Amino acid sequence: MTHLEVEVCGLRLKNPTMLASGVFDETGKSMLAVAKAGAGAIVTKSIGMEPRPGHPNPSVVELEHGLLNAMGLPNPGIKLYASEIKEAKKGGVPVIGSVFGGTEEEIAELARLVVEAGADAVELNLSCPHAKGYGAEIGSSPEAVESICKLAKRRTKGPVFAKLTPNTPSIADLARAAERGGADGIVAINTLKGMAIDTDAKMPILGNKIGGLSGPAVKPVGVRCVFEIYEAVRIPVVGVGGIVTGRDAIEYIMAGASAVQIGTAVWSEGPIVFSKVCKEISKFMKDNQYQTVKEIVGVAHPGKR
Ligand code: RRO
């Protein structure tokens, strides 16, 4: 193992960074570019059974310390997207198929279909904050999270990650439910529910009015969620939310993340952010005499140092 290599739920990653779902992952070509730029794995755009146009524009607004989006799950549907997954696979790093659905049956069937299309693992999107009948509307109930994970695990061969919402009183309860349902890993967090108002127009900026906040503003929330989940479950946690630097990634890893995902910073800095973050993690490890990333996982917890 080189010093940045990690293993997460049976996936071997050359470094602990992954492309987060929703950014630069609409096409196989863009995912390939991110893989070539140094990401250790790629997570696809969240894919459903049928094509969806998404919410009306404006669907993204740039704020002081992040992005507010209400894309509304735009995607071409699994049948058309299968060829994009095949193209992304040429990058030589694991591809994780993100899926969403309106029923447990639909989500489980999509879990099967993305793996059939070539994905190495599945990320169940149980956490989109602004799509009626999908995401967090389903994934806020521990009972639903448990039974969706159970059905998806039964239906597919690949490792199954559950991506959870921070818009809940207890993300630890949701993580425990995912673990009971047999999920192999947890991804935390999806975006935080938010709104921005155009004070000249005197109305919400987003077409959907409400959206999800991502980027540096949400990092402390993400780190807290990963910390709580790490104490609640035994399965690996993948941390996501506001990572721009190697230090940000290390913070998540110290909170308990076995790997991290980067999304908004790929939009703000470009795919070069992956090699930059990896270089900074390497330097931190050298300066602090860590030989492997695994040694850093969870060290911020009492009794772990
Ligand atoms: O497509 C979206 O609007 C979206 C999704 Br699927 C998600 O999981 N999180 C988010 O902030 N936006």
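The values are calculated or read from the model by the stated rules, or taken from the named source; none is laboratory data. All values derive from a computational prediction rather than experimental measurement. Cβ placement follows ideal geometry from the backbone for every residue including glycine, while neighbour counts extend to all protein chains displayed. Just so you know, the surface numbers come from the protein's heavy atoms only, side chains and all, with ligands and any DNA or RNA stripped out. Shrake-Rupley method; radii C 1.70, N 1.55, O 1.52, S 1.80 Å.
Summing Lys, Arg as +1 and Asp, Glu as -1, what charge do residues with Cβ under 13 Å from the Cβ of residue 287 carry, residue 287 excluded? Before the final figure, lay out the partial values.
Values: positive: 247, 279, 283, 286; negative: 280.
It works out to a net charge of +3.
With a 1.4 Å probe and every protein chain left in place, work out the accessible area per residue of the chain in Å², rounded to a whole number.
42
Taking a ≥ b ≥ c as the square roots of the eigenvalues of the Cα gyration tensor of the range 116-194, is the shape rounded (a/c under 1.5), prolate (a/b larger than b/c) or oblate? Mind showing how you got there, number by number?
Details: a/c = 1.89, a/b = 1.46, b/c = 1.29.
Prolate, because a/c is 1.5 or more and a/b exceeds b/c.
Normalised by the number of residues in the range 149-285, what is the relative contact order in percent for Cα pairs under 8 Å and 6+ residues apart?
Details: 249 pairs, mean separation 27.6, N = 137.
RCO, the range 149-285: 20 percent.
Can you list the aspartates and glutamates whose alpha carbon sits under 12 Å from that of residue 14, skipping same-chain ones fewer than 8 residues off?
List returned: 5.
How big is the antiparallel share of DSSP beta bridges in the range 136-280, given as a percent to the nearest 5?
35
Let's see if you can work this out: charge +1 on each Lys and Arg Cβ, -1 on each Asp and Glu Cβ, no other charges. What is the dipole magnitude of the range 2-112 about its Cα centre, in debye to the nearest 20?
In total the dipole reaches around 520 debye.
Under 1.5 on a/c is rounded, so check that first for the range 226-293, then, if it is not, pick prolate when a/b is larger than b/c and oblate when it is not; a ≥ b ≥ c are the square roots of the alpha carbon gyration tensor eigenvalues.
Verdict is oblate for the range 226-293.
Is it possible to state the helix-based mean residue ellipticity at 222 nm for the chain, with each DSSP H run of 4+ residues giving -39500 (n - 2.57), the sum divided by total residues, to the nearest 500 deg cm²/dmol? What is it?
The per-residue figure over the chain is -10500 deg cm²/dmol.
How would you rank 35-42, 95-102, 165-172, highest first, on the average number of other Cβ atoms within 10 Å across their residues?
On the way: 35-42: 23.2, 95-102: 26.4, 165-172: 18.4.
Averaged packing, sorted descending, gives the order 95-102, 35-42, 165-172.
Ordered by packing density, taken as the mean number of other Cβ atoms within 10 Å over each peptide's residues, highest first, how do 248-260, 67-79 rank? Show your work: numbers first, answer last.
On the way: 248-260: 26.5, 67-79: 20.9.
Listed from highest to lowest mean packing, they are 248-260, 67-79.
With unit charges on the beta carbons (Lys and Arg positive, Asp and Glu negative) and the dipole taken about the Cα centre of the chain, which residue among 10, 81, 166 sits farthest to the positive side?
Among 10, 81, 166, the one farthest towards the positive end of the dipole of the chain is 10.
Non-local amide H neighbours of residue 140 (under 5 Å, H modeled in plane, Pro and chain starts lacking H): which ones?
Answer set, sorted by chain and number: none.
Take the alpha carbon gyration tensor of the range 64-103, find the square roots of its eigenvalues, order them as a ≥ b ≥ c, and report rounded if a/c is under 1.5; if not, report prolate when a/b exceeds b/c, else oblate.
oblate
So how do 224-232, 47-55 stack up, highest first, on mean other-Cβ count within 10 Å?
Taking the mean over residues of other Cβ atoms within 10 Å, the ranking is 224-232, 47-55.
Could you work out what % of the accessible surface of the chain is carbon and sulfur, using a 1.4 angstrom probe and leaving DNA, RNA and ligands out of the count?
Carbon with sulfur: 55 percent of the solvent-accessible area.
Anything over 30 Å Cα to Cα? Flag those among 45/286; 36/163; 193/304; 79/150; 86/283; 193/279, in the order listed.
Over 30 Å apart, Cα to Cα: 45/286; 193/304; 86/283; 193/279.
So for the chain: antiparallel DSSP bridges make up what percent, rounded to the nearest 5?
40
Which value, in debye to the nearest 20, gives the size of the charge dipole of the chain about its Cα centre, when Lys and Arg are +1 and Asp and Glu are -1 at the Cβ? The partial results should precede the final answer.
Working: 34 positive and 32 negative charges, 125 e Å.
Here the chain has a charge dipole of around 600 debye.
Hey, how many Å between the Cα centroid of the range 181-225 and the Cα centroid of the range 54-85?
After rounding, the separation between the Cα centres reads 13 Å.
Residue farthest toward the positive end of the dipole of the chain, with Cβ of Lys/Arg at +1 and Asp/Glu at -1: which of 245, 72, 263?
245
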